[in-house]
Amino acid sequence: MSGRTPRRSSNRAPFDLVLAADVLYERDSVAPLLSLLPRLTREVLLADPGRPAADMFLEPAGRQWSIETCARDVVRVHRLARYFDVREEPG
């Protein structure tokens, strides 16, 4: 994820679904991803090989998203679904 990616991607949003794989390999990726995903979509499929940064992401993400996780071998796939759309967020 580069510094320019969020602006370019969010200009085309919203998307029906965002697919992401191994994007949380550094802890510095957690905050930008938490900020970016709600602007892009209501649903995310996120694959992760069990990196510590993924757990750091999932805890705060659970405040805005319902999260279902399934595991196969070392890979976990998380389905995130927004509780509500950012534009419809209660006041």
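The values are calculated or read from the model by the stated rules, or taken from the named source; none is laboratory data. Fair warning: this is a prediction, and the values are worked out from it, not measured in the lab. Please note: Cβ atoms are built from the backbone with ideal geometry, for glycine as well, and neighbour counts cover all protein chains shown.
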Looking only at residues in segment 47-80 that are of a type in the set (D, E, K, R) and in contact with a Leu (Cβ under 8 Å, 6 or more places away or on another chain), which one is surrounded by the most Cβ atoms within 10 Å (Cβ to Cβ)? Asp48
Set Val86, Val44: member being at pLDDT 95 or above and surrounded by 11 or more Cβ atoms within 10 Å (Cβ to Cβ): Val44
Pair list, Cβ under 8 Å, 6 or more apart: segment 22-34 residue touching a residue at least 24 places away in the same chain (Cβ under 8 Å) and assigned to a helix (DSSP H, G or I), other residue hydroxyl-bearing (Ser, Thr, Tyr) and surrounded by 12 or more Cβ atoms within 10 Å (Cβ to Cβ): none
Say whether the condition of being in contact with a Gly (Cβ under 8 Å, 6 or more places away or on another chain), of a type in the set (Val, Ile, Thr) and at pLDDT below 95 is met by at least one residue in segment 66-74. yes
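Working only within segment 1-41, note down all residues that are small (Gly, Ala, Ser) and either under 17 Å from Arg76 (Cα atoms) or modelled with pLDDT under 90 (or both).
The answer is Ser2, Gly3, Ser9, Ser10, Ala13, Ala20, Ala21.
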Determine the pairs where a residue that is assigned to a loop (DSSP other than H, G, I, E, B), located within segment 57-82, has a partner that is surrounded by 14 or more Cβ atoms within 10 Å (Cβ to Cβ) with Cβ atoms under 7 Å apart, the partner being 6 or more residues away or on another chain. Gln64/Pro38; Gln64/Arg82
